[in-house]
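> Before anything else, here's the structure in question.
The values are calculated or read from the model by the stated rules, or taken from the named source; none is laboratory data. Bear in mind that the values here come from a model prediction, so they are computed numbers and not experimental data. Because the Cβ atoms are built from the backbone with ideal geometry, glycine has one as well, and the counts that use them run over all protein chains shown. Ligands, DNA and RNA are excluded from the accessible area calculation, which covers all protein heavy atoms including side chains. Shrake-Rupley method; radii C 1.70, N 1.55, O 1.52, S 1.80 Å.
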Amino acid sequence: LDPRPDEIVTGVPIAYYVLALNWTPEWCRSGGSGASAKEMECAQARGFTLHGLWPDGARPPYPSFCKPAGPLDPGIVREMWRRTPSAVLLQHEWQKHGTCAAWPDAKAYFAQSARLFDRIALPKIEAIAPAALTAGAVRASFVERNPWLTADAIFVQSLRNRDDALSEVRVCYDLKFQPTSCPGGNGA
C-alpha cells in the first residue's frame, strides 16, 4: 500500500533507534487491528513478538516512508516469521521504517532487526502476579534476564483506554546499536 502524503516524513536526522516488542496476549484480547491481526499472533499462543525496528529523530515528527519500497522477497518473510509472524506487518515495517536509515536493502534491515531481537532473553511476563504487574515490574523482568540492559533503556507502552494494559516494550539503542536511555523517559 502506498502511504498517504501526510505520512511521508523525510530529511529527519536519526538520533536513536527503537526495537518494539509487541505483547501479543493484549493484542489478541483487544482484537488486534487490520489484516495483520488475522494471520499474526492470535493463531497460536505467543508472548512477545518483534513489531519492528524504528529509526527515530530527536523529536516528532519521526521519519517514515522515506523511499519507495517494493514487495519483500518471500525468503525474508520466511526468515523473519518466527519473530514477526505477519507478512503484512513485515512489509509495512520495511516501507515505513526500514527505508529511513542507511540499510542498503530489506535484507540488511531485517538482519539488524533479527540480531537485536534475538539477543534479548524474553521474560515470562505472565508469571508476574496481576497485582504486581506494573511498568516497573516489566522493566525489572527484562533487566533481570538481560543484565546488559538498564531500566532507562526500556520503554513500557500501555493502553490507557484498556485499563493500562501492557501493549509493547520498546528498547532504545544509540546510533551504534548499543542500549541507551529512551528519550522522554521510560513510559507507563
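Conditions tested, residue by residue: (1) in a strand (DSSP E or B); (2) modelled with pLDDT under 95; (3) under 16 Å from the mean Cα position of the chain (by Cα).
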| site | (1), (2), (3) |
| --- | --- |
| VAL18 | yes, no, yes |
| GLY31 | no, yes, no |
| CYS42 | no, yes, no |
| ALA45 | no, yes, no |
| THR49 | yes, yes, yes |
| LEU53 | yes, no, yes |
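> I'd like to verify a number: residues in region 168-188 that are open to solvent by less than 20 Å² (accessible area, probe 1.4 Å) and in a strand (DSSP E or B), how many?
Summing the residues that are open to solvent by less than 20 Å² (accessible area, probe 1.4 Å) and in a strand (DSSP E or B) in region 168-188 gives 5.
> Limited to region 58-95, what total is found for residues that are without any contact (Cβ under 8 Å) to a residue 24 or more places away in the chain, over 15 Å from the mean Cα position of the chain (by Cα) and in a helix (DSSP H, G or I)?
Looking only at that region, the number is 4.
> Give the residues of region 101-114 that are touching a residue at least 40 places away in the same chain (Cβ under 8 Å) and open to solvent by 20 Å² or more (accessible area, probe 1.4 Å), sorted by residue number.
Passing the criteria: only GLN112.
> Just to be sure before I move on: is ALA131 loosely packed, with under 15 Cβ neighbours inside 10 Å and either under 23 Å from PRO61 (Cα atoms) or modelled with pLDDT under 95 (or both) in the structure I sent?
Considered against the rule, which asks whether it is loosely packed, with under 15 Cβ neighbours inside 10 Å and either under 23 Å from PRO61 (Cα atoms) or modelled with pLDDT under 95 (or both), ALA131 comes out as yes.
> Determine if region 108-119 includes at least one residue that is of a type outside the set (Phe, Trp, Tyr) and not in a helix (DSSP H, G or I).
Checking region 108-119: not a single residue is of a type outside the set (Phe, Trp, Tyr) and not in a helix (DSSP H, G or I).
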